[in-house]
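Report on the following structure.
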């Protein structure tokens with residue numbers, strides 16, 4: 001139970017980074033931390049205590065293996081996370097070219 | 001039936017293939033991206049009508065992806081609601097693509113625009129047709145990322161800022177949804193939405209995990225649909241994008257990724273409770289008023305329309321959350337009218353920007369004299385959204401207000417009427433400032449936009465005008481009632497799982 005809860009704590013740390021930090025790069029880091037927390041939770045849900053890798057070979061008996069579905073799912077979310085991070089970092093670079101700063105409070109021209 | 005079932009994945013495959021083809025050949029073949037980008041939504045529109053016919057006849061169409069049966073395989077299915085959304089998405093997307101053929105020439109490398117446009121289309125179709133929870137997440141991210149890139153398409157200061165905001169907020173929303181999916185998977189050991197609904201119903205209500213997942217979904221999809229506490233990105237992102245993408249964002253994306261997914265999950269999978277319903281009613285009413293009040297003070301034409309979208313989404317959520325057959329019918333009908341009307345308004349705002357180069361309402365004036373088609377179609381859109389008979393928007397708002405009275409929410413009904421009046425005021429104010437009055441000296445040389453842009457706007461304006469005809473009993477049975485039936489009896493969805 002503590003393990004599951006620690007995932008949510010990690011998620012909240014990431015959320016804090018996204019909401020409170022002023023530096024764009026730190027905001028992106030916060031998002032990455034949130035992503036890891038979600039992935040970790042998914043992997044933990046599929047884990048069985050003392051389980052082994054879910055590989056079916058000749059002569060193996062199917063007993064006490066970890067759930068393979070979350071692992072497949074998390075692989076996909078990692079790739080999606082990569083794409084998101086790339087887009088956000090690209091935007092950060094272009095923002096730096098235009099504004100000359102990473103400070104989010106100075107990049108605030110859209111209001112109202 | 002068999003054919004529709006067999007070729008259901010084409011809704012995702014064809015736009016993705018088109019995007020691949022354009023990125024392969026489009027940058028050297030002039031005109032090819034425009035052709036592919038317009039013909040694909042138009043062709044899929046016809047196919048979505050066939051799907052609609054099939055779902056009316058058979059109720060539910062299910063395709064087993066790759067021939068694998070569940071529980072191993074992934075299902076792709078269409079019921080009345082999906083077919084309803086597919087028809088709207090492809091109709092608006094086809095008009096927008098036709099409009100974009102001329103509009104996008106003012107940017108460099110239009111082929112990138114069409115690649116991303118088709119990827120958005122594929123993502124939206126994936127969200128609409130999939131029956132698998134994780135697929136829903138993946139397609140949602142595909143559509144959001146492509147949309148985020150398109151918001152930054154002009155790579156100017158404001159566009160980059162808006163795109164960054166949109167990217168961060170939407171990614172956070174998606175991560176909340178992912179947490180919710182993880183919790184539900186732990187609870188049910190299943191990712192298929194229909195089977196998940198069965199298991200949750202069998203385990204009975206009152207589970208803390210389902211409640212927690214529900215909260216995560218509320219935040220996540222609330223961010224995607226821009227319901228009021230989570231709306232901060234919308235008024236920045238929607239005006240900053242190129243006009244065709246603003247139309248897609250406001251008309252389709254917040255509806256298919258936000259409202260459709262929200263109600264598909266809360267009504268069909270988790271099961272609606274009175275508490276949830278009252279939360280949605282409150283958020284809907286809050287969105288209505290916030291959007292309308294904020295729109296009153298805007299001087300930027302597209303920003304005004306973005307706030308108006310916020311307000312109209314509030315109406316849709318309000319209608320659907322009432323839960324009565326009449327309320328759901330009104331909500332879905334308003335979804336249709338708003339998709340068509342708001343896309344049209346964004347396209348006309350784009351036309352004005354194309355012709356004059358400004359979005360400031362107080363710099364315009366008298367443009368109707370020089371741009372009669374834009375002026376007339378813009379008025380049609382404004383009258384439909386503002387709720388003037390005989391335009392479609394009037395009937396849908398009327399139905400929602402009647403449904404609220406019928407359900408005993410008199411206070412909310414008065415609230416909705418008041419917001420409706422505000423809507424009419426700010427839209428007519430914008431129309432007057434932009435198109436009526438004396439023509440300023442500097443706009444003497446303004447010319448009407450090219451032919452294909454005019455054609456797209458006229459088609460949408462015509463549908464705005466005749467939208468009310470969908471309430472004729474024969475058409476209503478075919479189009480609206482099928483979709484409403486799915487949301488009225490949420491348990492019907494689990495039939496997709498059927499006899500496995």
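Taking the simple approach of a point 7 Å from Cα along Cα-to-Cβ for both residue B:398 and residue A:48, what is their distance in nm?
So the label points at residue B:398 and residue A:48 sit 6.2 nm apart.
Can you put B:443, B:53, B:233 in order, fewest other beta carbons within 10 Å first?
B:53, B:443, B:233
Run the helix sum for chain B: -39,500 (n - 2.57) per DSSP H stretch of 4+ residues, divided by residue count, reported at 222 nm to the nearest 500 deg cm²/dmol.
Taken over chain B, the calculation gives -23500 deg cm²/dmol.
Which angle from 0 to 90°, rounded to the nearest 10, does the C-alpha axis of helix B:10-21 make with the longest principal axis of chain B?
Its long axis makes an angle of about 50 degrees.
With an 8 Å cut-off on Cα pairs and a minimum separation of 6 or more residues, tell me the relative contact order of the range B:273-493 in percent.
About 26 percent, as a whole number.
How big is the Cα convex hull of the range B:273-493 in projection, averaged over all directions, in nm²?
Taking the Cα atoms of the range B:273-493, their convex hull projects to 12.3 nm² on average.
Apply 1/(1 + (r/R0)^6) to the Cβ-Cβ distance of residue B:358 and residue A:23, taking R0 = 22 Å, and write down the FRET efficiency to the nearest 0.05.
Calculated transfer efficiency: 0.05.
List the relative contact order of chain B as a percent without decimals, with contacts defined as Cα pairs under 8 Å and 6+ residues apart. Don't skip to the answer; put the middle values down first.
Working: 861 pairs, mean separation 83.5, N = 500.
It rounds to 17 percent for chain B.
Roughly how many nanometres apart are two label points built 7 Å out from the Cα toward the Cβ at residue A:78 and residue B:477?
5.5
Using the alpha-carbon centroid of each, what span in Å lies between the range B:181-214 and the range B:277-347?
Rounded to whole Å, the Cα centres lie 30 Å apart.
For chain A, modelled as a GNM with alpha-carbon contacts under 10 angstrom, which of A:97, A:63, A:35 fluctuates the most?
Per the Cα network of chain A with a 10 Å cutoff, A:63 tops the list.
Which FRET efficiency value, to the nearest 0.05, do you get for residue B:369 and residue B:109 by plugging their Cβ-Cβ distance into 1/(1 + (r/R0)^6) with R0 = 25 Å?
Once rounded, the FRET efficiency stands at 0.10.
Given the DSSP H assignment, sum -39500 (n - 2.57) over each helix run of at least 4 residues in chain A and divide by its residue total; what's the result at 222 nm in deg cm²/dmol, nearest 500? Mind showing how you got there, number by number?
Values: 3 runs with 74 residues, N = 112.
That comes out to -23500 deg cm²/dmol.
What spacing in nm lies between the two simple spin-label points modelled at residue B:53 and residue B:275, each 7 Å away from Cα in the Cβ direction?
4.7
Kindly give Rg over Rh for the protein assembly as shown, based on alpha-carbon atoms, with the Kirkwood expression for the hydrodynamic radius. Walk me through the intermediate numbers first.
On the way: Rg = 23.6 Å, Rh = 24.6 Å.
Expressed as Rg/Rh, it is 0.96.
Gain in length, residue B:158 to residue B:207, computed as 0.36 nm per residue apart minus the alpha-carbon separation, to one decimal in nm?
Net length gain for the segment: 13.1 nm.
Looking only at Cα atoms, what is the convex hull volume of chain B per residue, in Å³? Please list the in-between numbers first.
Working: hull volume 63.7 nm³, N = 500.
Hull volume over Cα atoms, normalised by residue count, gives 127 Å³.
Ranking B:370, B:6 by Cβ neighbours within 10 Å, fewest first, what do you get?
So the ranking, lowest neighbour count to highest, is B:6, B:370.
Express the relative contact order of the range B:149-243 as a whole percentage, based on alpha carbon pairs under 8 Å and six or more residues apart in sequence. Don't skip to the answer; put the middle values down first.
Numbers: 88 pairs, mean separation 44.5, N = 95.
Reported relative contact order: 47 percent.
Given springs between every Cα pair under 10 Å in a Gaussian network model of chain A, which of A:17, A:46, A:59 has the largest fluctuation?
A:59
Just so you know, all these numbers are worked out from the coordinates, no wet-lab data involved. Values in this document were obtained by computation on a predicted structure and should not be read as measured data. All Cβ positions, glycine included, derive from the backbone under ideal geometry; neighbour counts span all protein chains shown.
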